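Participant: I have a structure here, written as structure tokens, and I will follow up with some questions on it.
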Amino acid sequence: MDTPMKNKYQSAVLLLLSLALVSCATGPARTPKPVPAGYLYEGGYINVRVPNSDGWHLVTSSSAGMEFARSGGEPGESFAAQVFMFPLEETRNSNEFLSLIKEGFEKDTDPKRYEMIESDIKYSEDRGYPCARLNYVTKDKQAQTSPTSREVLILQAESLYCRHPIRKNTGFSIIYSHRGKSTYSNIREEAQDFISGVQVPEQ
């Protein structure tokens, strides 16, 4: 594989995984916009449905993706639901696709801040195009819960990274995460509902 292209791809993956780790620090911020549960944002590249529960805010929206957040019921607890788009070079097979996602995740997890509790990555073609399911639980030892305080919190994330079936030189990630003092038992069901609500439009 050409090294500059590989580095370009890995940089995109590293950026996305880094965003997944830090984005749900304190819930909604910077004049967030409340959004209705289950509202569908339709686009030419991808359709994004807001999580089907109350309290979500649109935090950012740009050509690079969308981020939603909501606060939890406990102090320091927050949720994030994100969709990102990024350039994606051609890969020769499923193993190569999977290994690049895995390598990016491992390189971007700072062991000084994050203590990995468990992680799992699997290749998936459930959608009919290449995807990787990446789920993990980690201890964030420097979670910023306010402008002046940090705590140790548990961060959980369930995500799907895919190659776009039409614009095949690009990819997108769908990430649902929770952070709090303990794990959140309903994350898998909620994450799957959000992930299922993000789809490539018929073209």
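Participant: Which net charge results when you count Lys and Arg as +1 and Asp and Glu as -1 among the other residues whose beta-carbon is under 10 Å from that of Gly171?
Facilitator: Neighbourhood net charge equals +2.
Participant: Given H placed on each backbone N at 1.01 Å, which residues far from Arg150 in sequence or on other chains put an amide H within less than 5 Å of it?
Facilitator: Here Thr145 satisfy the definition.
Participant: Okay, next question. For segment 60-180, how many pairs of lysine residues have a Cα-Cα distance under 17 Å, where the two are 8 or more positions apart or belong to different chains? Let's see the in-between values first.
Facilitator: Values: Lys102/Lys122; Lys107/Lys139; Lys112/Lys139; Lys112/Lys141.
Lysine pairs meeting the criterion: 4.
Participant: By its C-alpha gyration tensor, with a ≥ b ≥ c as the square roots of the eigenvalues, how is segment 42-176 shaped: rounded for a/c under 1.5, else prolate for a/b larger than b/c, else oblate?
Facilitator: It is oblate, given that a/c is not under 1.5 and a/b is not larger than b/c.
Participant: Rounded if a/c is under 1.5, else prolate if a/b is larger than b/c, else oblate: which is segment 123-203, with a ≥ b ≥ c the root eigenvalues of its Cα gyration tensor?
Facilitator: In terms of gyration-tensor shape, prolate.
Participant: Under the rule of at least 5 residues apart or a separate chain, name every residue whose amide H is placed under 5 Å from the amide H of Trp56.
Facilitator: Under 5 Å from the amide H of Trp56 lie the amide H atoms of Val35, each far enough along the sequence or on another chain.
Values quoted throughout were computed directly from the atomic coordinates according to the rules given, and no laboratory measurement underlies them. In this text, all values refer to a predicted model and were calculated from it rather than measured experimentally. FYI the Cβ positions are ideal-geometry reconstructions off the backbone, even for glycines, and counts take in every protein chain you see.
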